Amino acid sequence: MIRTEEMLLNVGPQHPSTHGVFRLVVKIDGEIITEAKPVIGYLHRGTEKLAENLQYTQIIPYTDRMDYLSAMTNNYVICHAVETMMGIQVPERADFLRVMAMELGRIASHLVAWGTYLLDLGATSPFIYAFRDREMIINMLNELSGARLTFNYMRVGGVKWDAPEGWVEKVRDFVPYLREQVKGYHDLVTGNEIFLDRVTGVGRYTKEDAINYSLSGPNLRCTGVKWDLRKDEPYSIYDRFDFDVVTEESGDCLARYKVRMGEVSQSLNILEQACEQFPAEGEILAKVPKIIKAPKGEAFVRIESPRGEIGCYISSDGKKEPYRLKFRRPSFYNLQILPKLLVGENIANLIAILGAVDIVLGEVDG
Amino acid sequence: MVQDLLHSSPGLANFAIFFLLGVVLLLVVLGFVTYGILAERKVMGYMQLRHGPNQLGGNWGLLQTVADVLKLLLKEDIIPKLADRPLFILAPVIAFAPSFMVLATIPFTDKFQFADIGVGLLYYIAVSGLTTFGALLGGWGSNNKYALLGGARAAAQMISYEIPLVMSVLGVILLSGSLNLNDIVHAQKGGWFILLQPIGFIVFFIASVAELNRTPFDLPEAESELVAGFHVEYSGFRFAFFMLAEYVYLFAMSALITVVFLGGWLPPFAFLGFIPGAVWFSLKFCVVIFVYLWLRSTLPRFRVDRLMEFGWKVLLPVALGNIFLTALIKSLFF
């Protein structure tokens with residue numbers, strides 16, 4: 001007698017397409033998924049608990065290791081939270097350096113998302129092209145901070161290092177170069193029939209679902225919700241720049257891909273304007289006490305990281321360490337919709353959907 | 001020469017000559033596989049802003065593949081405890097043996113051909129189909145879920161693409177009036193079949209990529225989905241056998257396309273006939289190989305259900321239409 005059996009398949013933690021140590025336990029019937037259960041925690045380091053025994057400046061390197069593809073935004077959110085509590089005014093030049101570093105980081109992060117997504121879909125070359133251009137960004141950030149990935153660049157009240165000579169010009173020259181490359185990327189991938197076939201209509205969810213699951217970033221904007229904290233709750237000096245919030249209506253993997261590619265172009269616009277307006281000289285660090293003590297009380301700030309809203313909650317009892325620190329890590333929240341999306345899809349779509357969420361495991365596990 | 005031997009009475013001397021010829025062909029093919037892999041890595045490296053192998057054997061990495069193969073041969077032979085042992089051991093052989101068998105009928109030049117059999121084209125397609133059993137058995141025998149999925153995909157892919165492959169060459173057979181590969185080459189004196197059978201060529205080429213399990217149809221071993229598909233549990237020389245089969249098929253399929261669609265050893269124009277046929281053959285052959293490599297570094301992978309749809313709903317009807325069209329034109333105008 002012929003009978004079929006459900007199969008339990010462990011995707012990860014060691015699997016080429018889970019972008020780290022993510023594990024997904026799926027029940028499959030043939031290649032159709034009937035149930036999916038994400039298992040996380042393989043990279044948990046207890047950043048939040050560790051922070052309770054660290055001074056504020058010492059916490060900053062730990063944030064580098066959360067979303068390691070866009071460490072600048074993580075740096076910023078902790079500094080921003082402490083500055084909000086202490087009421088520190090950041091010097092203009094430092095603000096410019098921060099914004100430029102964050103936007104470069106956003107581009108680098110989206111380039112990795114683009115390259116690895118295509119790698120997930122089976123195309124090998126885009127990954128290398130993306131990393132070539134990302135390498136240039138990494139080199140620029142390296143000149144700025146002395147590190148390629150874990151920058152530890154920002155400080156409460158400003159930034160650690162001033163831009164070296166000719167750095168702003170380098171960024172200015174980079175903008176038209178990358179615009180040209182992005183055009184090439186669209187030619188190579190965005191119009192490709194096989195690619196469109198893989199992503200159109202796959203992993204679709206509605207606006208309501210996105211909001212109910214607390215998604216943010218490209219995962220939210222792909223459903224048509226125009227919500228970007230850089231525009232809606234401007235922090236730093238984002239209100240000085242003219243840029244669009246990229247949205248798509250369809251809410252599928254293609255929409256998420258398009259939002260990310262659009263954001264690269266918008267970040268380039270911001271960079272271009274920042275280079276124009278960059279103040280010739282000025283302080284890079286505000287007057288802050290030697291030992292930073294946040295006043296008694298609590299604060300929550302949130303900013304737009306490449307992956308969504310990254311938030312930082314600090315509860316302080318007036319000591320030099322926080323009483324409690326909590327990060328709202330966007331990848332963790334974006335991942336929650338995955339089990340719902342995967343039911344009824346096949347293995348190939350599993351990879352396409354997971355890749356389009358664009359998780360960073362350092363951030364998911366905290 | 002070979003023909004005379006085939007018709008002479010069997011004897012020890014004949015056997016020795018055939019054995020020697022077989023060894024020569026084996027070496028030629030292994031030489032190709034060695035440098036085919038190197039070419040693939042170099043071409044892909046060039047397209048991906050890398051150097052490719054450049055350490056072993058000078059800047060061109062001429063010994064890299066040799067070293068890789070040696071490494072694979074020297075590795076420990078691992079058979080998973082719960083694997084189906086006989087199947088697991090048999091599978092690479094089943095995948096590999098037909099890949100050499102198909103080479104027998106391919107006319108490399110007008111003189112160098114092992115078996116000039118009447119149904120050479122049919123023989124090629126029939127024998128090459130056997131390889132899928134290797135993938136299927138390997139996937140089943142490994143007792144690994146990814147391998148099982150890969151093996152099932154391989155079987156499904158074979159059924160879907162073998163048929164358009166056969167249907168698309170029927171147009172060529174109608175025009176040449178023969179299944180013999182030599183006759184097919186001779187029939188192209190007036191014009192290559194790529195020009196006379198453009199639709200047939202496109203269908204055949206797409207189906208051949210699927211037959212070869214290469215990107216964008218590398219679903220049985222889709223590394224980002226099934227890790228490595230049917231050969232996920234294989235290592236050492238058994239893995240080498242699977243890889244060898246894959247590249248020998250690349251060799252055989254490129255040779256077949258050269259013979260069937262690109263005029264084999266014939267020069268493109270009659271006045272260029274002073275250049276030996278072997279040169280023309282290898283030139284055309286290299287172009288076909290390059291296109292395969294080019295595809296691999298450009299395209300993403302198909303989705304498995306789309307692959308089936310594409311095979312049955314697009315390629316097969318187009319191939320059938322091509323047969324009809326060819327028959328119509330032939331009976332009306334010739």
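The values are calculated or read from the model by the stated rules, or taken from the named source; none is laboratory data. Given the structure is predicted, the values throughout are model-derived calculations rather than measurements. All Cβ positions, glycine included, derive from the backbone under ideal geometry; neighbour counts span all protein chains shown.
At a glance:
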quantity: Filter result for A:LEU69 (touching a Ser or Thr at 6+ places or on another chain (Cβ under 7 Å) and in contact (Cβ under 8 Å) with a residue 24 or more places away in the chain); calculated: yes
quantity: Residue match in the range A:17-40 (condition: among the β-branched types (Val, Ile, Thr), touching a Phe, Trp or Tyr at 6+ places or on another chain (Cβ under 8 Å), assigned to a helix (DSSP H, G or I) and away from chain B (no Cβ under 14 Å)); calculated: no
quantity: Any hit, the range A:230-243, residues being modelled with pLDDT under 90, crowded, with 20+ Cβ neighbours inside 10 Å and under 18 Å from A:LEU215 (Cα atoms); calculated: yes
quantity: Qualifying residues in the range A:29-39 (those that are surrounded by fewer than 20 Cβ atoms within 10 Å (Cβ to Cβ) and not acidic (Asp, Glu)) - the one farthest from B:ASP305 (Cα to Cα); calculated: A:VAL39
quantity: Residues satisfying the stated conditions in the range A:112-128, i.e. among the hydrophobic types (A, V, I, L, M, F, W, C) and within 14 Å of chain B (Cβ to nearest Cβ); calculated: A:TRP114, A:LEU118, A:LEU119, A:LEU121, A:ALA123, A:PHE127, A:ILE128
quantity: Single residue of the range B:124-177 satisfying the filter (of a type outside the set (A, V, I, L, M, F, W, C) and outside any helix (DSSP H, G or I)) that is farthest from B:ALA245 (Cα to Cα); calculated: B:GLY177
quantity: Residue check for B:ARG306: within 14 Å of another protein chain (Cβ to nearest Cβ) and closer than 21 Å to B:VAL166 by Cα; calculated: yes
quantity: Residues (of a type in the set (Gly, Ala, Ser) and over 17 Å from the mean Cα position of the chain (by Cα)) located in the range A:204-254; calculated: A:ALA210, A:GLY224, A:SER236, A:SER250, A:GLY251
quantity: Filtered residues of the range A:20-38 (kept if within 23 Å of the chain's Cα centre (by Cα) and closer than 20 Å to A:LYS340 by Cα); calculated: A:PHE22, A:ARG23, A:LEU24, A:PRO38
quantity: Test result for A:TYR153, of a type in the set (Phe, Trp, Tyr), crowded, with 23+ Cβ neighbours inside 10 Å, away from chain B (no Cβ under 14 Å) and touching a helix residue (DSSP H, G or I) at 6+ places or on another chain (Cβ under 6 Å); calculated: yes
quantity: Residue in the range A:343-356 that is within 14 Å of another protein chain (Cβ to nearest Cβ), part of a strand (DSSP E or B) and not basic (Lys, Arg) present; calculated: yes
quantity: Test: A:VAL171 is part of a helix (DSSP H, G or I) and either more than 30 Å from A:ASP197 (Cα to Cα) or modelled with pLDDT of 90 or more (or both); calculated: yes
quantity: Filter result for A:GLY105 (buried (at least 22 other Cβ atoms within 10 Å of the Cβ) and within 14 Å of chain B (Cβ to nearest Cβ)); calculated: no
quantity: Test: A:VAL189 is within 14 Å of chain B (Cβ to nearest Cβ), buried (at least 18 other Cβ atoms within 10 Å of the Cβ) and not in a loop (DSSP other than H, G, I, E, B); calculated: yes
quantity: Single condition B:VAL69 does not satisfy, out of (1) out of contact with any Leu (no Cβ under 8 Å at 6 or more places or on another chain); (2) of a type in the set (A, V, I, L, M); (3) surrounded by fewer than 16 Cβ atoms within 10 Å (Cβ to Cβ); (4) more than 14 Å from every other protein chain (Cβ to nearest Cβ); calculated: (3)
quantity: Selection count, the range A:232-271, where residues are of a type in the set (A, V, I, L, M, F, W, C) and part of a helix (DSSP H, G or I); calculated: 9
quantity: Hits in the range A:319-365 - residues which are under 24 Å from B:ARG301 (Cβ atoms) and among the small types (Gly, Ala, Ser); calculated: A:GLY344, A:ALA348, A:ALA352, A:GLY355, A:ALA356
quantity: Only listed residue being within 26 Å of A:LEU121 (Cα to Cα), outside any helix (DSSP H, G or I), out of contact with any strand residue (DSSP E or B) (no Cβ under 9 Å at 6 or more places or on another chain) and among the hydrophobic types (A, V, I, L, M, F, W, C), chosen from B:PHE290, B:PHE302; calculated: B:PHE302
quantity: Criterion (in a loop (DSSP other than H, G, I, E, B), of a type outside the set (A, V, I, L, M) and more than 23 Å from the chain's Cα centre (by Cα)) met by exactly one of B:GLY61, B:GLY118; calculated: B:GLY61
quantity: Matching option when the condition is under 27 Å from B:GLN48 (Cβ atoms), away from chain B (no Cβ under 14 Å) and either buried (at least 17 other Cβ atoms within 10 Å of the Cβ) or aromatic (Phe, Trp, Tyr) (or both), among A:VAL159, A:VAL171; calculated: A:VAL171
quantity: All positions within the range A:71-95 that are under 25 Å from the mean Cα position of the chain (by Cα) and surrounded by fewer than 20 Cβ atoms within 10 Å (Cβ to Cβ); calculated: A:THR84, A:GLU92
quantity: Restricting the range B:196-245 to residues that are of a type in the set (S, T, N, Q) and not in a helix (DSSP H, G or I), the residue that is farthest from the other protein chains (Cβ to nearest Cβ); calculated: B:GLN197
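Residue-wise test of (1) crowded, with 23+ Cβ neighbours inside 10 Å; (2) aromatic (Phe, Trp, Tyr).
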position: B:PHE239; (1), (2): no, yes
position: B:ALA252; (1), (2): yes, no
position: B:LEU262; (1), (2): yes, no
position: B:ARG296; (1), (2): no, no
position: B:ARG303; (1), (2): yes, no
position: B:PHE310; (1), (2): no, yes
position: B:GLY321; (1), (2): no, no
